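A.B. asks: Could you have a look at this structure, given as structure tokens, before my questions?
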Amino acid sequence: MTILIVECVSPSLRGDLSRWLVELQAGVFVGRVSEVVREALWERATNRADDGTVLLLWRTNNEQGFDMRSWQPKQYVPINVEGLWLTRHPASTHTG
């Protein structure tokens, strides 16, 4: 299973990705593709995302059962800590 999430990208890129994956919600694509196709989709998405963000997740044989890549994350930044994926959240600016 592969999940590709894009934000703030062109409709033409979303249409292009929908050739291989099903768009379940705006910018959320899911499907079952080979590693070669997955890598090609990653290249296509990151080359055409301009100022947008791209997050790719896929099933693999590790502790969490998935692996991921991100490109230009704006809010939640994925970090790998000793083989486990965590997300770094932005610092709160709330003072009250």
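A.B. asks: Based on Cα positions only, what radius of gyration and what Dmax would you give for the chain, in angstroms?
C.D. replies: 14.4, 50
A.B. asks: Net charge near residue 1: determine it from the other residues with C-beta under 11 Å of the C-beta of residue 1, scoring Lys and Arg +1 and Asp and Glu -1.
C.D. replies: Here the count lands on +3.
A.B. asks: Here's a follow-up. Just order 27-38, 61-72 by mean Cβ neighbour count inside 10 Å, highest at the front, would you?
C.D. replies: With the highest mean Cβ count within 10 Å placed first, the list reads 27-38, 61-72.
A.B. asks: Determine the calculated [θ] at 222 nm for the chain from helices alone, applying -39500 (n - 2.57) to every DSSP H run no shorter than 4 residues and normalising by the residue count; nearest 500 deg cm²/dmol.
C.D. replies: Computed mean residue ellipticity for the chain: -6500 deg cm²/dmol.
A.B. asks: While we're looking at this one, here's another question. With Kirkwood's inverse mean 1/r over C-alpha pairs for Rh, give me the Rg to Rh ratio of segment 47-96, two decimals please.
C.D. replies: 1.07
A.B. asks: Moving to a separate point now. Measure off 7 Å from each Cα along the Cα-to-Cβ vector at residue 59 and residue 88, then give the distance between these two points in nanometres to one decimal.
C.D. replies: It works out to 3.1 nm between the two label points.
Only the coordinates and a few stated rules stand behind these numbers; no lab work does. All of these numbers come straight from a predicted model, not from anything done at the bench. Positions of Cβ are backbone-derived with ideal geometry, glycine not excepted, and every protein chain shown enters the neighbour counts.
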